[in-house]
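Following: one structure in structure tokens, then a few remarks.
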Amino acid sequence: AIFADAEWFMISGITPAISRNAAEVAKVAMQAATDHGVKIACDMNYRSKLWQWDPGVSARELAIRTMRELMPMVDLFIGGREDAAAVLGVEPDEAKGEDMAREVVAMFPRVKQMAMTMRDGSAASQQTFGGMLYDAGAGRSWAVKPYVIPDIVDRLGAGDAFTAGLLYALTTPELSEPSQAIAF
């Protein structure tokens with residue numbers, strides 16, 4: 001019943017990082033969403049300190065093993081360069097975001113879109129924030145000119161707000177075209 005009118009199921013990489021049980025529940029929920037024709041968005045949110053539930057396995061190896069089981073069910077992957085490098089093995093060196101997105105799509109063919117934030121938080125009270133959306137069907141990406149956000153009180157939640165805005169745009173017909181969705 002939960003998936004009856006749903007278009008998207010959103011999962012964060014933090015959920016499977018919490019415990020073995022949470023990882024198993026995430027997999028079951030993602031499979032149920034898939035079975036009901038619901039698209040899956042995954043915001044990687046790699047946090048190495050959370051991946052501690054399998055003694056003797058490094059945090060990175062546990063994240064790689066777990067997320068690579070879940071990624072074949074993902075339609076929209078949201079993650080930064082560091083997330084893609086740490087968990088998916090995509091090299092972040094100087095590759096453009098579009099090149100990284102193509103690698104992710106090649107590894108996980110169900111991924112039809114990849115989004116990433118582009119930010120510079122070199123000052124505690126100011127941040128430059130932008131984003132990129134790659135669409136596999138179009139074979140290209142769109143980026144927005146980064147915005148300078150002055151007078152930051154706390155950066156917490158900026159990536160979550162990016163994801164929420166993107167999902168809203170993708171589910172709103174007049175905003176769903178990729179260039180419009182990332183601009184929103």
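The values are calculated or read from the model by the stated rules, or taken from the named source; none is laboratory data. Note that the structure is a prediction, hence the values are computed from the model and not measured. Every residue, glycine as well, gets a Cβ built from its backbone with ideal geometry; the counts of neighbours run over all protein chains shown. Only protein heavy atoms, including side chains, enter the accessible area calculation; ligands, DNA and RNA are left aside. Shrake-Rupley method; radii C 1.70, N 1.55, O 1.52, S 1.80 Å.
Considering only M132, F77, A22, the residue lying farthest towards the positive end of the dipole of the chain is A22, judged by Cα position with unit charges set on Cβ. Each Lys and Arg adds +1 at its Cβ and each Asp and Glu adds -1 at its Cβ; summed about the Cα centre, the range 42-140 shows a dipole of about 180 debye.
Surface composition of the range 124-184: carbon plus sulfur atoms hold 56% of the accessible area, using a 1.4 angstrom probe and ignoring ligands, DNA and RNA. For M118, the residues 5 or more places off, or on other chains, whose built amide H falls under 5 Å of its own are G130, G131, M132. Over the chain, DSSP H runs of length four or greater, each weighted -39,500 (n - 2.57), average out per residue to a 222 nm ellipticity of -11500 deg cm²/dmol. Taking only the alpha carbons of the range 1-113, we obtain Rg and Dmax values of 13.9, 45 Å in that order. Taking the charge dipole of the range 40-184 about its Cα centre, with +1 at Lys and Arg Cβ atoms and -1 at Asp and Glu Cβ atoms, the residue from Q113, A63, S176 reaching farthest to the positive side is A63. Most simply put, the chain has about 60% antiparallel DSSP beta bridges, counting only bridges with both residues inside it.
Taking the Cα centre of the chain as origin and assigning +1 to Lys and Arg Cβ atoms and -1 to Asp and Glu Cβ atoms, the resulting dipole is close to 260 debye. Look at the Cα gyration tensor of the range 69-184: its axes a ≥ b ≥ c give a/c of at least 1.5 with a/b at or below b/c, and that counts as oblate. Stretching the chain fully between A6 and A138 yields a gain of 45.0 nm (0.36 nm per residue, less the alpha carbon separation). Solvent-accessible surface of the range 61-184, averaged per residue with a 1.4 angstrom probe and all protein chains in place: 50 square angstrom. If I stretch the segment between I149 and E82 completely, what's the gain in nm (0.36 nm per residue apart, minus their alpha carbon distance), one decimal? My answer for the length gained is 21.9 nm.
Of the chymotrypsin sites (Phe, Trp or Tyr not before Pro) found in the range 1-84, those in coil by DSSP whose Cβ has at most 16 other Cβ atoms within 10 Å are F3. Any lysines with Cα under 18 Å of the K27 Cα? List them, leaving off those in the same chain fewer than 8 positions away. Here the lysines satisfying the reach criterion relative to K27 are K39.
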